[in-house]
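**Q** I have a structure I would like to understand better, so I am pasting it below and will then ask my questions one at a time.
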Amino acid sequence: MGSTVACFAQDVNKLILQSDVTRIIGTLASDAMRGRATFTPDIERAARFIESEYKQIGLMPLPGDEGFRQNFKLTRMSPLKTLVQINGKLIPEDSVFARTKLSSLEWSNNKEVALESIGAGKNFGTEFRNLSRSGKKMVVFVDPEFTASFNRLRDMTQKGTIVPKGDDTSAVVFVLGNHNDLKSFQVSYTAKKEELPLFNVAGIIPGKTRPNEYVIFSGHYDHLGILKAVQGDSIANGADDDASGTTAVIELARYFKKLNNNARTLVFVAFTAEEIGEFGSQHFATTVDPDKVVAMFNIEMIGKASKFGENSAFITGFERSDFGPILQKNLAGTTFKFYPDPYPDQNLFYRSDNASLAKVGVPAHTISTDQIDVDKYYHTVKDEISTLDMANITSTIRAIALSSRTIVSGKDTPKRVEKEKL
């Protein structure tokens, strides 16, 4: 190990402590936080804790903000009634749900309403996304093969759905069952429409020589909240997803504030509403000039060893810029290694908050260690502190600190990601 790298490594080991990591994630993922669901008092408690950490570290608010909260509002539609009749027979309420920003629907064999299906053997996730975004009015019949996925989406919809701004009159009503003998259909739907407050929690360390160039470190602090009880436990603690990433953001803020030698301005942001559609990062992306954002380190689920073993993590969208090679170059002489995303079929580059910034050309990537293809705790009440490896979290945070140093110092500037419509 070269003397320069050894010096940096010694600093990072002294300044990023496993005891701090354990304390922070232990608070964020405690039962007292009740799963940090968006629009609940529980996420308010999480935000206050993150704010207190930022204040103790000595971060400054984003320019124009009075405090560490970046406040905004979204419209939520909460279903009140969804009735569907097929061939005059009422379908059970637990076998139907609607995706629309309209507050009411009354259909009766309407000619402009298309009839579609998600048949057995199809990729349910892809079909669901494509149909939901079609911009049309339709009734979609879902094969019973996808009952579990249907029920999960229905449960989420019943809790309320965020709707985008604009005059969109599209509506998709999903019905569980094939109903190949369809002769007639009727739909009656009403929903409650309300404007609700949301808040990212963000702080900065101004750059010393390049204050108008920004490097973002982010994670999302929301999770799923209260789920159906399993063995008496109903709290989806979200320890790995993404209390681990939020802990990394706080610890990196502490580290860089102690060094206090960053050329570029560093932004540390805990995003809200990732689990319901990445709305926190989408809002954040509208408040920054993307051309001034040099790179984004989004950190998501680093609580357990990756499929490559200890001292390793993967980077989503590795091939889209030279972000990964820059990070790996800065780790030369250490045992830690970054790999390309080994789960391309999971489409992870578009499933986390980095996508909101990548869309506008920022070299925005997510760093993770999660074995998403076999992670049995993902999005369950079992995602708890007891399942995590604190040493793995700590070593990954240290690696991010070391690997980012030439980007923070202004020596390296990753190539831009091609702008695209996500």
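**Q** Take residues that are in contact with a helix residue (DSSP H, G or I) (Cβ under 9 Å, 6 or more places away or on another chain) and at pLDDT 95 or above and tell me which of the strands (runs of 3 or more DSSP E) falling wholly in region 221-281 contain 3 or more.
**A** On the way: elements: 225-230, 233-236, 264-271.
Once the strands (runs of 3 or more DSSP E) in region 221-281 are filtered for at least 3 residues that are in contact with a helix residue (DSSP H, G or I) (Cβ under 9 Å, 6 or more places away or on another chain) and at pLDDT 95 or above, what remains is 264-271.
**Q** In addition: Of all residues in region 325-383, how many are of a type in the set (K, R) and in a loop (DSSP other than H, G, I, E, B)?
**A** Narrowing region 325-383 to residues of a type in the set (K, R): 329, 337, 351, 359, 376, 382.
Within this subset, residues satisfying the condition of being in a loop (DSSP other than H, G, I, E, B) are 351, 359, 376, 382.
The number of residues fulfilling the criteria is 4.
**Q** Could I ask something else about it? With the requirement that a residue be surrounded by 13 or more Cβ atoms within 10 Å (Cβ to Cβ) and not aliphatic (A, V, I, L, M), what does region 56-74 give you? Please lay out each step first, then the result.
**A** Within region 56-74, the first condition is being surrounded by 13 or more Cβ atoms within 10 Å (Cβ to Cβ), and the residues that meet it are 57-62, 65, 67-70, 72, 74.
Selection gives G58, P61, D65, G67, F68, R69, Q70, F72.
**Q** Restricting attention to region 395-417, which residues are more than 21 Å from the chain's Cα centre (by Cα), in the same structural domain as A253 (by TED's automatic domain parsing) and more than 20 Å from K208 (Cα to Cα)?
**A** Passing the criteria: S395, R398, A399.
**Q** If S104 meets every condition in (1) farther than 22 Å from D181 by Cα; (2) within 27 Å of the chain's Cα centre (by Cα) apart from one, which number is that one?
**A** Of the numbered conditions (1) farther than 22 Å from D181 by Cα; (2) within 27 Å of the chain's Cα centre (by Cα), the odd one out for S104 is (2).
Yes/no per residue for (1) in contact (Cβ under 8 Å) with a residue 24 or more places away in the chain; (2) under 17 Å from K411 (Cα atoms):
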{"position": "I276", "(1), (2)": "yes, no"}
{"position": "D291", "(1), (2)": "yes, no"}
{"position": "A295", "(1), (2)": "yes, yes"}
{"position": "G309", "(1), (2)": "no, no"}
{"position": "P325", "(1), (2)": "no, yes"}
{"position": "N330", "(1), (2)": "yes, yes"}
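**Q** Pull up region 42-66, narrow it to residues that are in contact with a Lys or Arg (Cβ under 9 Å, 6 or more places away or on another chain) and without any contact (Cβ under 8 Å) to a residue 40 or more places away in the chain, then point me to the one that is farthest from L198 (Cα to Cα). Steps first, answer last, please.
**A** Looking only at region 42-66, we keep the residues that are in contact with a Lys or Arg (Cβ under 9 Å, 6 or more places away or on another chain), and these are 42-43, 45-47, 51, 53, 56-59, 61.
Now drop any that are not without any contact (Cβ under 8 Å) to a residue 40 or more places away in the chain, which leaves 45, 56.
Values: R45: 13, Q56: 23 Å.
Checking each candidate, the answer is Q56.
**Q** Is there a residue in region 208-224 that is over 30 Å from N260 (Cβ atoms), buried (at least 19 other Cβ atoms within 10 Å of the Cβ), of a type outside the set (D, E, K, R) and assigned by TED's automatic domain parsing to the domain that holds N392? Talk me through it step by step, then tell me what you get.
**A** Within region 208-224, the first condition is being over 30 Å from N260 (Cβ atoms), and the residues that meet it are 222-224.
Those left that are additionally buried (at least 19 other Cβ atoms within 10 Å of the Cβ): 222-224.
Narrowing further to those that are of a type outside the set (D, E, K, R): 223-224.
From what's left, assigned by TED's automatic domain parsing to the domain that holds N392: 223-224.
Yes, the conditions are met somewhere in region 208-224.
Every residue, every condition in (1) aliphatic (A, V, I, L, M); (2) surrounded by fewer than 17 Cβ atoms within 10 Å (Cβ to Cβ), yes or no:
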site: G280; (1), (2): no, no
site: D291; (1), (2): no, yes
site: I315; (1), (2): yes, no
site: N347; (1), (2): no, yes
site: N354; (1), (2): no, no
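**Q** I'm trying to understand the selection: among the residues of region 38-48, which are surrounded by 18 or more Cβ atoms within 10 Å (Cβ to Cβ) and modelled with pLDDT of 95 or more? I'd like the intermediate steps shown before the answer.
**A** Within region 38-48, the first condition is being surrounded by 18 or more Cβ atoms within 10 Å (Cβ to Cβ), and the residues that meet it are 38-39, 42-43, 46-47.
Across region 38-48, the qualifying residues are D42, I43, A46, A47.
**Q** May I pose another question? Considering region 64-75 alone, what residues qualify as being under 24 Å from the mean Cα position of the chain (by Cα) and part of a loop (DSSP other than H, G, I, E, B)?
**A** Here is the first cut: in region 64-75, the residues under 24 Å from the mean Cα position of the chain (by Cα) are 65, 67-75.
Hits for region 64-75 are D65, G67, F68.
**Q** Can you name the condition, by its number, that A148 falls short on among (1) surrounded by 13 or more Cβ atoms within 10 Å (Cβ to Cβ); (2) within 26 Å of the chain's Cα centre (by Cα); (3) among the aliphatic types (A, V, I, L, M)?
**A** Just one mismatch for A148, condition (1).
**Q** Now, a different point. Is there any pair with a first residue in region 103-129 that is within 24 Å of D345 (Cβ to Cβ) and a second that is among the acidic types (D, E) whose Cβ atoms are under 8 Å apart and which are 6 or more apart or on different chains, and what are they?
**A** S117/D143; I118/E127; I118/D143; G119/D143; A120/D143; A120/E145; G121/E145; K122/D143
**Q** Search region 244-257 for residues being over 15 Å from the mean Cα position of the chain (by Cα) and over 12 Å from I204 (Cα atoms), and hand back the single one that is surrounded by the fewest Cβ atoms within 10 Å (Cβ to Cβ).
**A** If we filter region 244-257 for residues that are over 15 Å from the mean Cα position of the chain (by Cα), which is where we start, we get 250-257.
Remaining after also requiring over 12 Å from I204 (Cα atoms): 251, 255.
On the way: E251: 28, Y255: 21.
Per the criteria, the residue is Y255.
**Q** Here are some residues: K111, K81. Which one is assigned by TED's automatic domain parsing to the domain that holds F150, farther than 28 Å from M156 by Cα and not in a helix (DSSP H, G or I)?
**A** Details: K81 fails: farther than 28 Å from M156 by Cα.
K111 is the lone residue from the list that is assigned by TED's automatic domain parsing to the domain that holds F150, farther than 28 Å from M156 by Cα and not in a helix (DSSP H, G or I).
**Q** Which one of N260, N237 is over 20 Å from S356 (Cβ atoms), assigned by TED's automatic domain parsing to the domain that holds V21 and surrounded by 24 or more Cβ atoms within 10 Å (Cβ to Cβ)? Working first, answer last.
**A** Details: N260 fails: surrounded by 24 or more Cβ atoms within 10 Å (Cβ to Cβ).
After ruling out the rest, the residue left standing is N237.
The values are calculated or read from the model by the stated rules, or taken from the named source; none is laboratory data. Not measured: the values here are computed from a predicted model. Quick reminder, even Gly has a Cβ in these numbers, built from the backbone with ideal geometry, and neighbours come from all protein chains shown.
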